[in-house]
1. Could you grab the relative contact order for the chain? Cα pairs under 8 Å, six or more apart, rounded to a whole percent.
2. For the chain, which whole-number percentage of the solvent-accessible area (1.4 Å probe, protein heavy atoms only) is attributable to carbon and sulfur atoms?
3. Kindly state, to the nearest 0.05, the FRET efficiency for N271 paired with H204, given R0 = 51 Å and r defined as their beta-carbon distance.
4. Pick out, in residue order, every one of the GluC sites (Glu not before Pro) in the stretch 159-250 that is DSSP loop and has at most 14 other C-beta atoms within 10 Å; say none if there are none.
5. When the solvent-accessible surface of protein heavy atoms is calculated with a 1.4 angstrom probe, in what order do V128, V427 fall, highest first?
6. What percent does the relative contact order of the stretch 254-348 come to when contacts are Cα pairs within less than 8 Å and at least six residues apart?
7. Give me the aspartates and glutamates in straight-line cross-link reach of K402: C-alpha distance below 19 Å, same-chain residues under 8 apart excluded.
8. Quickly estimate the mean residue ellipticity at 222 nm for the chain, helices only: each DSSP H run with n ≥ 4 gives -39500 (n - 2.57), and the total goes over all residues, rounded to 500.
Amino acid sequence: MASPWTLIKCWSVFLNLMLLTTLCSFWYSEMYITNIKRSIPEDENPQRLDSPPDSLESKMYPDLHKCVSRPAKPSYQQHGDYWVLASYIPASVSFPCDKFVTYTTHGEFTYLDNLQPLASRWQGPVSVAVYAPGDDFHTTLTTITHLRHCGPSTIHKYVTFHIFFDASHTPKTIPTSVEALNRTADCEASPLPSANATTYRHQHGLLYPVNIARNIARLAAHTYFVLPSDIELYPSLHFHHDFFQMLRLPDASTSTQPRVFVLPIFEVKENASVPESKVELQRLLKAEEAVPFHKHVCPQCHNIPKFREWVKADVTPGLSVFHIGKRKPPHHRWEPIYVATNREPLYEERLSWEGQSDKMTQMYIMCVQDYELHILDNAFLVHKPGIKRASRNPARQKIVKKQNHVIRSKITNEYKAIFGVRKGCSV
């Protein structure tokens, strides 16, 4: 039997060997990690390596892949004289911020039926601000619940609802976001309200705060790019893939001026199907079943430069920039709808939908800042079927006259003082 001293020496040798092995392993691991780090330059973003150095993305949006993707989380916010229940009913799917464009829009519960065709065609995140003062709140909640449970799964997956109302018209009770999400619907007993339903807003003579709604929906988007649009405008198909592929192409402009990407807008007859591609749209235009948006209401508001050439141009796969326009004469009344980032000017919140000209002030800022309006060749929006006609509404004309006076006598002077002036730019 070995002596205690021998056992102690053997145990000491064993411990030394174990310590040496651990140190060697640690040293090898550190050297391995260090060599890996050295093989990747510290200032190089692997995502950006996929984008050609001469591409539109590299030139204008080098921070695209640095955006942070995150799910929508409910929060309550004050917005001037309004309360906003932001992300009150969030979509069930989250999207990478650098791979999708958020369609941001707005409405009342009587317009929410448009979300079914809109979300189905968009196939991506939709941020909608719903104006719901007083008793309209609970009808709005019932309508949203019906759409999420009784409509196509696209609403449940893609659409995030933000509800807002005047502080002076706060609903008597407001369920928590969790309670609202857990509501169920009897799909046979609770159909969607009709477009002509009586609303609390109309009963109390409240104007529709269109630009507050636009800003709420846009600022709540979690993607790098947004498409601020109206809820009755339905997009053409396959936009996300084609748009991000276009960003990998060389820039159509030689300048570094800020730019947005314009989608031409159309109307179709009430009995016509909404076209999904430019080929279908061309056929409807040729058959006079489709017309440019607001052709009979405000033709100068949506008359894009090179319109005839755009319509006749051969259809090619994907997206590219067909023409670069500016909001200057003869297009100084142009109110385009476009893809942009949240760095672009917000909408003037003192203007109502009833007073009209609600996007003109924003376009003045963009004109003064010399924005380029890049008109896309193969993407467009189509209004819910039914071609609009001009009509006289004496009550509304009084609101229009009052709002125009505010724009001319007050807002225009403010904008010129803050943003400056540029030849050809007008509100």
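1. RCO, the chain: 17 percent.
2. So the carbon and sulfur contribution to the accessible surface is 56 percent.
3. That pair, N271 with H204, gives E of 0.90.
4. E188
5. V427, V128
6. Result for the stretch 254-348 is 37 percent.
7. The reachable aspartates and glutamates, counting only those whose Cα sits under 19 Å from K402, are E348, E349, E354, D358, E414.
8. -10000 deg cm²/dmol
The values are calculated or read from the model by the stated rules, or taken from the named source; none is laboratory data. Not measured: the values here are computed from a predicted model. Cβ coordinates were reconstructed from backbone atoms using ideal geometry, including for glycine residues, and neighbour counts include every protein chain displayed. With ligands, DNA and RNA removed, areas are computed over all heavy atoms of the protein, side chains included. Shrake-Rupley method; radii C 1.70, N 1.55, O 1.52, S 1.80 Å.
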